[in-house]
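The values are calculated or read from the model by the stated rules, or taken from the named source; none is laboratory data. Every value quoted in this text rests on a predicted model; they were computed, and no experiment measured them. Positions of Cβ are backbone-derived with ideal geometry, glycine not excepted, and every protein chain shown enters the neighbour counts.
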Amino acid sequence: MKRSSGSDFIFQVFALILSFIIVHAIYVALIRPNADALLKEQLERQAAGEAYIVQRSLYIVMRDYEQEACFVLMLWAMAIMGYKARRSLQERRMLDQSFLNITEGTSILPEDAREFSRPLQALPEPQQNLLVPRTLLTVLQRFGSTRNVADASATVKEVCDTESDRLDSELAMVRYIAWAIPSIGFIGTVRGIGEALGQAHRAVEGDIAGVTVSLGVAFNSTFIALVISIVIMFLTHQLQLLQERLVLDTHTYCDNNLLRHLNVHT
């Protein structure tokens, strides 16, 4: 079966570029200008010796480059998962169709396998490549060649197991992104703490503004990264559940609509 690995790669590349453009535009137009204005106001009030309560602003929490990178990766992962979820839902719609039109009580003999294969072979190629028609066609071809019901049943399990492994392997990029997001957050933590230590001498002299800003970078980047990671992992598990149910339901579909009708005796 032909796989659309090339189109998947192209989609992922364009999804990454589009995610970067969208997030960077929001940061340049909205988040960083507002965050810089709030930080400037806080520093001016601190320099004037005013007593005020520092308000935690979402703009300041999100303003740094590590948080921007995390949001880019989040949109990228969501685009990939949305693409795969759409394809899985398209596969699920095949479970509602009757491809063989086998009436109750009908027995399919090995010599009938070619005749029942024709409606599946007449489907458009994109539909033939979907899991349900592909499994049914493979089972009929195996049954016609081996004349063995056990071999046909084993074929269903083999095709479904292969599909399950393929779907799991295609989530490798999403898993990498889910790992990379907290790592980027920790990079921001290291950078912020390093900057704070570099300004420790100014804090000793009484100027703690630089240290507080740097520590804000450290903790805010980790906070945003961990929150995004929780969201991505939740969506990943939901996608895996959708795919696993698709494979299991396909196995059941083949059992109910084909395997129980196979017979080697007239």
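The table below gives the values:
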read-out: Residue satisfying all of: in the range 118-146; hydroxyl-bearing (Ser, Thr, Tyr) and more than 17 Å from residue 246 (Cβ to Cβ); surrounded by the fewest Cβ atoms within 10 Å (Cβ to Cβ) among these; value: 145
read-out: Filter result for residue 60 (more than 17 Å from the chain's Cα centre (by Cα), in contact (Cβ under 8 Å) with a residue 60 or more places away in the chain and in a loop (DSSP other than H, G, I, E, B)); value: no
read-out: Cβ pairs under 8 Å, 6+ apart, first in the range 14-35 and closer than 15 Å to residue 64 by Cβ, second outside any helix (DSSP H, G or I) and small (Gly, Ala, Ser); value: 34/57; 35/57
read-out: Residue in the range 137-158 that is farthest from residue 96 (Cα to Cα), counting only those that are in contact with a helix residue (DSSP H, G or I) (Cβ under 6 Å, 6 or more places away or on another chain) and in contact (Cβ under 8 Å) with a residue 60 or more places away in the chain; value: 147
read-out: Residue that is surrounded by the most Cβ atoms within 10 Å (Cβ to Cβ), among those in the range 163-187 that are within 18 Å of residue 133 (Cβ to Cβ) and not charged (D, E, K, R); value: 167
read-out: When residues of the range 63-113 are limited to those that are touching a residue at least 24 places away in the same chain (Cβ under 8 Å) and small (Gly, Ala, Ser), the one surrounded by the most Cβ atoms within 10 Å (Cβ to Cβ); value: 77
read-out: Residue in the range 147-162 that is surrounded by the most Cβ atoms within 10 Å (Cβ to Cβ), counting only those that are at pLDDT 90 or above and either within 18 Å of the chain's Cα centre (by Cα) or among the acidic types (Asp, Glu) (or both); value: 158
read-out: Total residues in the range 98-122, condition at pLDDT 85 or above and in a loop (DSSP other than H, G, I, E, B); value: 1
